[in-house]
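The values are calculated or read from the model by the stated rules, or taken from the named source; none is laboratory data. Every value quoted in this text rests on a predicted model; they were computed, and no experiment measured them. Quick reminder, even Gly has a Cβ in these numbers, built from the backbone with ideal geometry, and neighbours come from all protein chains shown. Remember, those area values only see protein heavy atoms, side chains included, never the ligands or the DNA or RNA. Shrake-Rupley method; radii C 1.70, N 1.55, O 1.52, S 1.80 Å.
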Amino acid sequence: MAQPILRRQPFKGLYLTYFVVSVVFVRIPLWFIWFLPKRNRPRASWPLSRCIRVRTYQVLTGIAPKIGLQASHPVPKSDEELTNASLVWIDGLAEDSDVFCGRIRKAAEITGVKPARVPAYWFFRPGISPTKEVKARSGERTVLQIHGGAFHLGSAHPDVATSNITHGLVAHCKNIERILAVDYRLSATHPDPPANPIPAALLDCLAAYRYLVVEAGFEPQNIAVAGDSAGGNLAFALVRHLVENTIPSLPPPGRLIGFSSWLDLSFSRRSPEDSFMRNAASDIFANGPGARFGEYAVPAYLGPLNPEEAKTNRYLSPSSPHITPVEGMYKGFPKTFISAGDAEIILDDSTVAAERLKADGVDVTVDIVPDAVHDFMVFTWHEPERTEALRRVCSWLDSD
Ligand SMILES: *[C@@H]1O[C@H](CO)[C@@H](O)[C@H](O)[C@H]1NC(C)=O
Ligand SMILES: *[C@@H]1O[C@H](CO)[C@@H](O)[C@H](O)[C@H]1NC(C)=O
């Protein structure tokens, strides 16, 4: 398959050079002047540096699909390469495993996806020596963290930016000494060779959850399944799988956390008052004509599934307005923490999920952070909001 010109060298290199030079020497100085008066800032509370950072992300996310930006990381050969972390391999589920059932198995039959062995990382709290001892102590609590990256980017490797939430959680939670972050398979689509559609990532997250319960011996009620952005989508789908299919060997976790979760892959809410339109200028994504958020990610994740499923399948888009009825769709869910920024375009995904969870009687804690962008917990420059939000979610995780 021919690659678009900007994905081929030397054009990609030339374009990137032009891009960096124009951003650093032309656009940033212009933005600096433009954002000096507070009335031009997307949010009056933002410092000038944040306005410029957010604009930079907007242009970066605009060119990423054109040049085929990759942000993955090679798996280390030994733990020596890691700081305060250790590598484990998660075996793929057996083909006849009782947990490989329900909608996940149906999707696998359509898309041809098989279970696979994937890496995962234990992140240890600074001060705790990384150990190879897998077994949980009696009553030990942990988190299964599922990173973001629109299903096709990012890694659970501790050196990659998508791990900044994992680092933040393990540093701030008092009752948690280690967190498992799973390096699930990433999807791809045209113009790349198609790879790993649904349920590849979900099967890997399911295998990681099974590893925590069956191999490491954590009690399900002591596990929180967490994810940010597309990882939040996977966290919701994983918990839904465990709630909807009563699997004797694998009960659902005690808690669910969504950070800036992406819960409507169809982007169906597009009226001026919806967050998708209202927050277009205040989020990190490319906006304006030609910017089509998710135009790579959604077909990559859906693969050969019918694209209509992005509207109606509760495993893909539990916050979609096209799902009916909504009553009962969260019945049996564990207590849930919903975190999102009030400046993000997919804020509605989180607020709708919170409403639907509450309507079904689930114990929900909602933390909408004023003037915070999508996935602000990843950005160490998004202070003080990031640390304050980490403290709140950790005090929730530490509580009974
Ligand atoms: C690793 O842990 C040490 C303390 O044990 C801490 O000083 C250091 O900041 C930690 N490094 C990272 C990357 O978390
Ligand atoms: C992630 O955290 C590291 C270490 O604190 C920091 O250097 C890096 O800039 C962070 N990444 C982002 C995107 O903020």
Segment 357-400 shape via C-alpha gyration tensor axes, a/c threshold 1.5:
oblate
With the convex hull built on the alpha-carbon atoms of segment 1-69, volume per residue in Å³ sits at 80 Å³
Exposed GluC sites (Glu not before Pro) absent: longest stretch of the chain, with sites in DSSP loops and at most 15 other Cβ within 10 Å deemed exposed:
134-272
Quote the FRET efficiency, to the nearest 0.05, computed for ALA64 versus THR324 with a Förster distance R0 of 35 Å and r equal to the Cβ-Cβ distance.
0.50
Dividing the Cα convex hull volume of the chain by residue count, how many Å³ per residue is that?
147 Å³
Expected 222 nm ellipticity per residue - DSSP helices of 4 or more, -39500 (n - 2.57), all of the chain, to 500
-9500 deg cm²/dmol
Please state, rounded to one decimal and in Å, the Kirkwood hydrodynamic radius that segment 49-202 gives when every pair of distinct Cα atoms enters the mean of 1/r.
17.6 Å
Specify the inter-centroid distance of segment 183-256 and segment 29-80, based on alpha-carbon positions, in whole Å.
29 Å
Along Cα→Cβ, 7 Å out, is where each label goes; now give me the distance between the ones at ASP159 and GLU388 in nm to one decimal.
3.5 nm
Can you give the charge dipole size of segment 179-254 about its Cα centre, rounded to the nearest 20 debye, using +1 on the beta carbon of Lys and Arg and -1 on the beta carbon of Asp and Glu?
120 debye
Considering the options THR17, PHE32, PRO126, tell which one lies farthest towards the positive end of the dipole of segment 1-126, charges being +1 on Lys and Arg and -1 on Asp and Glu at the Cβ, about the Cα centre.
PHE32
Suppose every Lys and Arg Cβ carries +1 and every Asp and Glu Cβ carries -1, with no other charges. What dipole size does segment 1-69 come out with about its Cα centre, to the nearest 20 debye?
240 debye
What's the tally of Lys pairs in the chain whose alpha-carbon atoms lie under 21 angstrom apart, where the two lysines are 8 or more places apart or on different chains?
9
Helix 385-398 axis, angle to the chain major axis (alpha carbon atoms, nearest 10°):
10 degrees
Length gained when the stretch ARG117-MET277 is fully extended (0.36 nm per residue, less Cα-Cα span):
53.6 nm
Taking the Cα-to-Cβ direction at THR246 and at TRP381 and moving 7 Å from each Cα, how far apart do the two end points lie in nm?
5.2 nm
Keeping every protein chain in place, order LEU82, LEU60 by accessible area at 1.4 Å, biggest value first, i.e. largest first.
LEU60, LEU82
Quick check for me: using +1 on Lys/Arg Cβ and -1 on Asp/Glu Cβ, what's the dipole size of the chain about its Cα centre, in debye to the nearest 20?
1020 debye
Per-pair calculated FRET efficiency, R0 = 22 Å: ARG27 and SER49 via Cβ, rounded to 0.05:
0.90
Label-point separation (nm) for THR83 and ALA359, each offset 7 Å from Cα along Cα-to-Cβ?
4.7 nm
Rg over Rh [alpha-carbon atoms, Kirkwood Rh] for segment 241-400
0.97
Answer with one residue from ALA188, ILE176, ALA107: the one whose Cα lies farthest towards the positive end of the charge dipole of the chain, charges on Cβ with Lys, Arg +1 and Asp, Glu -1.
ALA188
